[in-house]
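S.K.: Just dropping this structure here.
Laboratory data are not the source of any read-out in this text; all were calculated from the coordinates shown. Predicted model, so just to flag it, every value in this text is computed and none were measured. Please note: Cβ atoms are built from the backbone with ideal geometry, for glycine as well, and neighbour counts cover all protein chains shown.
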Number of protein chains: 2
Amino acid sequence: MGPIQAIPTTAFYVPARNLTDSHPKPHLPNSGFPSRLDFSCCWSRSACKVGSFGSWVVAPAFNLRRVARVMEIKNEEAASLNLHDTNEDLVDKIMYDALVWSSLHGLVVGDRNHQRSGAVPGVGMVHAPFALLPVSFPESQWKHACEVAPIFNELIDRVSLDGKFLQDALSRTKKVDAFTSRLLDIHGKMMELNKKEDIRLGLHRSDYMLDEQTKLLLQIEFNTISSSFPGLSCLVTRLHRYLIQVYGDNLGLDAQRIPENSATTKFAEALAKAWKEYNNPKAVVLIVVQPGERNMYDQHWLFSVLRERHNVTAIRKTLSEIHADGQLLPDGTLLIQGAVVAVIYFRAGYTPTDYPSESEWQARSLMEESSAVKCPSISYHLAGTKKIQQELAKPHVLERFLEDKEDVEKIRKCFAGLWSLEDADIVEKAIKNPEFFVMKPQREGGGNNIYGEDMRESLLRLRKEKSEEDAAYILMQRIFPSVVPTFLIRDGICYKEHAVSELGIYGAYLRSKETVIMNEKCGYLMRTKVSSSNEGGVAAGFAVLDSIYLS
Amino acid sequence: MGPIQAIPTTAFYVPARNLTDSHPKPHLPNSGFPSRLDFSCCWSRSACKVGSFGSWVVAPAFNLRRVARVMEIKNEEAASLNLHDTNEDLVDKIMYDALVWSSLHGLVVGDRNHQRSGAVPGVGMVHAPFALLPVSFPESQWKHACEVAPIFNELIDRVSLDGKFLQDALSRTKKVDAFTSRLLDIHGKMMELNKKEDIRLGLHRSDYMLDEQTKLLLQIEFNTISSSFPGLSCLVTRLHRYLIQVYGDNLGLDAQRIPENSATTKFAEALAKAWKEYNNPKAVVLIVVQPGERNMYDQHWLFSVLRERHNVTAIRKTLSEIHADGQLLPDGTLLIQGAVVAVIYFRAGYTPTDYPSESEWQARSLMEESSAVKCPSISYHLAGTKKIQQELAKPHVLERFLEDKEDVEKIRKCFAGLWSLEDADIVEKAIKNPEFFVMKPQREGGGNNIYGEDMRESLLRLRKEKSEEDAAYILMQRIFPSVVPTFLIRDGICYKEHAVSELGIYGAYLRSKETVIMNEKCGYLMRTKVSSSNEGGVAAGFAVLDSIYLS
């Protein structure tokens, strides 16, 4: 949702400045390839051993194996393999070509070390972090994830129409979570005004992890606002296909096994169709952005297709700028610097920090009151909260919104265990076995999950205090994805690390009154994160963009 | 030849840190557009006035007018126009879109402020400096420049075959210029060995300026080695076409008036054809590069087309690496890390600093002795020196190499006045009127020309000392190109400056024994440089990539 998480890992990475004579030095191969650290000292047999992985509960590690025959890794070999023995020159070559390809094809982000990289395009650019090769993924699970995307799209639309359900389900949360409370206020106001959204546009992303023990594809969350990386994820897919085309013979891989990624074009198509429904040829698409957005190129890819393929103009504004420049006409028309806004596409506004003052909330309200198509509307936004995710997982709730029993079954299959903290039995279980649970705050933005001993202490405190603060959280079954050795490339440096992956399936939904104009799955995002033994959660370490190789 | 010159100009640019309350502050428009300095204070009527341009001899300034109706500049208005009055928002929008386009489409270079940007691709990238809009250029002169390209290609090939001519013409230079001397030594050794280059490949660029007073397109130099920017120049052409497509209605411009630029594809085609002539499907193209090349993406565009369109692999090596890894087999085959080299393409080796030790010279010799196709061979390299340019400009010399009188005439039309320093009359004239001459050192690399009072003093000293050092230089007629107001974009900042432009026409020539396989003009490079009154020469200030708009 935000930019790629960039928490440095310390597990296996030996920074160059700490290298002593007993450590191999970073080397610059003669070919002019960039330096990468030699990991032979720190990527040892013991570190790879199953079960030795810190406090992790990783039963049969490496079962979801990374597609990297260049590393000659097989399941049974992984535990005893010293990666330094493999064809290092080939990895260097692939990495060099990958970095060049990224630079020439706009697979870039703003460098966090460059002061102006979030403010001005074209300066302080660095390649987006990526996995060198795609990760293996079972075709059946991939198909299932694609199949449920339109069902989730439809589900969210129906949930969004049930204002009472949203208000009721979130009523306890409202008391303790100021952010959700403000969203509910706007939502309540729209209900009072009996405001209807005739044209409804959703650009979603449903995130999953493949649970190693159950072999189930379990949903982590469903994003209805600001689903990021439609632009860059397509580029990583193209990058991996390119690398496999060039090095296919060496790797024994087939580029066709990487599914096509249509996220950019499909999202642009959906925005263009919504713009068309609004039916004002002079109107623009308003992109709500965060100030200093280093992930701007991901967004620009989308707007670039929007303009070049659909001849629709997009304007980028922060909430603060919208507050200053936005104007609502009596008929509901939203003007921004004199231009009529047909569609509002949020790439900001999903986290409390996006609203530092009342101005930003006023801007949000202004937009919600307008006749512009909102992506998302306040109802869509609320329908994507974790609390609603947990409510929908309760027995018989899905059936309220979906008639088709098969659809219900397919959706339910993706649900991990989700519980309210009002459920005393589950809280008791989580206190006894914290390793099997994760405590998730209601608000978005990532990185705030509570694990292990921290979670146990939090639960004990909440129980003791009988605080209503418990409504700010949900409990979720801890998912244990496979941990696989991976080459992660960041800042031009290759890290050999153990990593876990999370699959996001994009979905687009557009409806005009009774007509569903678009309801499709739209490409995917694979994110792979370093899993460090120093951290409790799967979000530890830094993350890279990835794609999948169907197995 | 090297990277873009990046000498900061101080003429009209007020650095942000020097802005006081009496100066407008840099502004960040609400639209999220990047900051650019407000120049209203320093881009005044008086600064634009014809004749007030420092010590410049600029007769009717602005006659070659920049295509920028956005600035509403016309010849007669230029002197009295305050650019701050024009549509600033539109310029901001165009600039923002241009920066985004550059970032997404690989119009990038390594940032000189980033330590690793020359060593590792994908890090420390910044957009290449560019002019916001193309510069107006007369179609007749454009056609002439294109027409003579194949004639120059043929001329260089013929000159290269006349070893005695090269040695004789450069014999005095040899005594005083150590660099040319080393090149001549290698050349002499090849003559002794009676080494023939059956397959000859030239990737040239002929650089011109349009002289304001005479309206003649005069040749500045002819580059036979390391002609840079075939990759990025094509991108700037595409950028300008894109901007005019988007903003054409506002600007009243037609994208079709910008000639297509085929430099990348044509150069790649020539390299691929030379590779094919060598006739070893397993062989590679060796690119000789400078260590720490920040202009690497320009090169990578070329290799990328070479690989993707022609399935030819390129390897990048520095001279030092070639010395370490190169191996010459008894039959003349050059091996680099075990791979047979079919073609050697020099993007280094043209300047003395590329040869810091004997190793680099040995590498150059090794390559010259090999059977690989050299681009350029030592003969081609020498044929492109300024001394040879000056020799060819002497009466009756062209006729030694070209039979067709019309060809001779067309070529000669491009020659500026060129003289040896042995010509006492000319030296006398240059001492008396230094403003009409420029003193050019024999060696390549740019930035070493001597102008004005410095030149006068140098000439007086050389004459007094009767030193043979004079052979290290030639005298050239000073060309006075038009000076036009321009928006130059560098580091995400827009500078409104007076600038001059230099047109380079790329040419490719490939011959196998008696068969001319390719002899074509191959796209173009327009470079536009800030002309500052603080500096003597047209190379003062920084330069940007540009393209042309035919008028």
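S.K.: Identify, for chain B, the residue whose C-beta comes nearest the rotation axis onto chain A, and round that distance to whole Å.
M.R.: Per the Cβ-to-axis criterion, the result reads B:MET125, 2.
S.K.: To continue, here is another question. Placing a label point 7 Å from Cα toward Cβ, how far apart in nm is A:ARG412 from its equivalents in the other copies, listed shortest first to one decimal?
M.R.: Computed spacing set for this position: 9.5 nm.
S.K.: DSSP loop GluC sites (Glu not before Pro) in segment A:204-306 with at most 15 other Cβ atoms within 10 Å of their Cβ, which ones?
M.R.: Working: sites: A:GLU212, A:GLU221, A:GLU260, A:GLU269, A:GLU277, A:GLU293; in loops: A:GLU212, A:GLU260, A:GLU293.
Loop-located and lightly packed - A:GLU260.
S.K.: Which whole-number value in Å³ per residue fits the convex hull of the alpha carbons of segment B:294-389?
M.R.: Details: hull volume 11.8 nm³, N = 96.
Once divided by residue count, the hull of segment B:294-389 is 123 Å³.
S.K.: Give the nm distances, rounded to one decimal, from B:ALA424 to the matching residue in every other copy, measuring between label points 7 Å along Cα toward the beta carbon; shortest first.
M.R.: 11.6
S.K.: Quick one: putting +1 on the C-beta of Lys and Arg, -1 on the C-beta of Asp and Glu, what dipole do you get for segment A:275-332 around its Cα centre, in Debye to the nearest 20?
M.R.: Computed charge dipole of segment A:275-332: roughly 180 debye.
S.K.: Treating cross-link reach as a plain straight distance, find the lysines whose alpha-carbon is under 28 Å from the alpha-carbon of B:LYS496, omitting any fewer than eight places away in the same chain.
M.R.: A:LYS317, B:LYS25, B:LYS49, B:LYS74, B:LYS93, B:LYS215, B:LYS529
S.K.: Under 17 Å from the 7 Å Cα→Cβ point of A:GLU369, by amide nitrogen: which residues of segment A:183-204?
M.R.: Within reach of a label on A:GLU369, which here means backbone N under 17 Å from a point 7 Å along Cα→Cβ, segment A:183-204 contributes A:183-197.
S.K.: Which of A:ILE336, A:ILE94 has the fewest other C-beta atoms within 10 Å, and how do the rest follow up to the most? Write down the numbers at each step before the final one.
M.R.: Values: A:ILE336 22, A:ILE94 25.
By the 10 Å Cβ count, ascending: A:ILE336, A:ILE94.
S.K.: In nm, give the distance between the simple-model label positions of B:SER171 and B:ARG158, each being 7 Å from the Cα along the Cα-to-Cβ direction.
M.R.: 2.3
S.K.: Right, here's the next one. Can you tell which of A:ASN449, A:PRO481, A:SER467 lies farthest toward the positive end of the dipole of segment A:421-481, using +1 and -1 charges on the Cβ of basic and acidic side chains (Lys, Arg; Asp, Glu)?
M.R.: Checking the options against the dipole of segment A:421-481, the answer is A:PRO481.
S.K.: For B:ASP249, go 7 angstrom from Cα along the Cα-to-Cβ vector, then report the distances to that same point in the other copies in nm, smallest first.
M.R.: 5.3
S.K.: Could you tell me how far the Cα centroid of segment B:457-535 sits from the Cα centroid of segment B:245-301, in Å?
M.R.: 20
S.K.: With r defined as the distance between the Cβ atoms of A:LEU335 and A:THR515 and R0 fixed at 30 Å, what FRET efficiency is calculated, to the nearest 0.05?
M.R.: Details: r = 28 Å, r/R0 = 0.92.
With R0 = 30 Å, the Cβ-Cβ based efficiency is 0.60.
S.K.: What is the diffusion coefficient of segment A:410-497 in µm²/s, taking the Kirkwood radius over Cα pairs and the Stokes-Einstein relation at 25 °C with a viscosity of 0.890 mPa s? Provide the component values of the computation, followed by the final result.
M.R.: Numbers: Rh = 14.8 Å.
Reported coefficient: 165 µm²/s.
S.K.: Can I ask one more? Work out the length of the dipole vector of segment B:82-197 about its Cα centre, built from +1 on the beta-carbon of each Lys and Arg and -1 on the beta-carbon of each Asp and Glu, and round it to the nearest 20 debye.
M.R.: On the way: 13 positive and 16 negative charges, 187 e Å.
The dipole of segment B:82-197 has a size of about 900 debye.
S.K.: Grab the beta carbon distance between B:ASP423 and B:ASN113, set R0 = 41 Å, and tell me the FRET efficiency rounded to 0.05.
M.R.: Numbers: r = 45 Å, r/R0 = 1.11.
It comes out at approximately 0.35.
S.K.: Right, something else. Order by neighbour count: B:SER365, A:SER377, A:SER357, fewest other Cβ atoms within 10 Å first, most last. Intermediate results must be reported in sequence, preceding the final value.
M.R.: Values: B:SER365 19, A:SER377 26, A:SER357 10.
Fewest-to-most ranking of B:SER365, A:SER377, A:SER357: A:SER357, B:SER365, A:SER377.
S.K.: Loop-only check: which trypsin sites (Lys or Arg not before Pro) in segment B:145-244 are DSSP coil with at most 13 other Cβ within 10 angstrom?
M.R.: Values: sites: B:ARG158, B:LYS164, B:ARG172, B:LYS174, B:LYS175, B:ARG182, B:LYS189, B:LYS195, B:LYS196, B:ARG200, B:ARG205, B:LYS215, B:ARG238, B:ARG241; in loops: B:LYS195, B:LYS196, B:LYS215.
Qualifying residues, ordered by number: B:LYS196, B:LYS215.
S.K.: Let me ask something else. Counting other beta carbons within 10 Å of each Cβ, put B:LEU306, A:LEU203, B:LEU550 in order, fewest first. Before the final figure, lay out each step's value.
M.R.: On the way: B:LEU306 25, A:LEU203 29, B:LEU550 18.
Exposure proxy ranking, most exposed first: B:LEU550, B:LEU306, A:LEU203.
S.K.: Quote the FRET efficiency, to the nearest 0.05, computed for A:THR353 versus A:LEU90 with a Förster distance R0 of 41 Å and r equal to the Cβ-Cβ distance.
M.R.: Efficiency, from the Cβ-Cβ distance: 0.40.
S.K.: Out of segment A:328-423, which GluC sites (Glu not before Pro) are coil in DSSP terms and have no more than 12 other C-beta atoms within 10 Å?
M.R.: On the way: sites: A:GLU358, A:GLU360, A:GLU368, A:GLU369, A:GLU391, A:GLU399, A:GLU403, A:GLU406, A:GLU409, A:GLU422; in loops: A:GLU403, A:GLU422.
Listed in order of number, the matching sites are A:GLU403, A:GLU422.
S.K.: What does the charge dipole of segment A:334-379 about its Cα centre add up to, to the nearest 20 debye, if the Cβ of each Lys and Arg holds +1 and the Cβ of each Asp and Glu holds -1? Could the numbers behind the result be given before it?
M.R.: Values: 3 positive and 5 negative charges, 37 e Å.
Using only the charged Cβ atoms, the result is roughly 180 debye.
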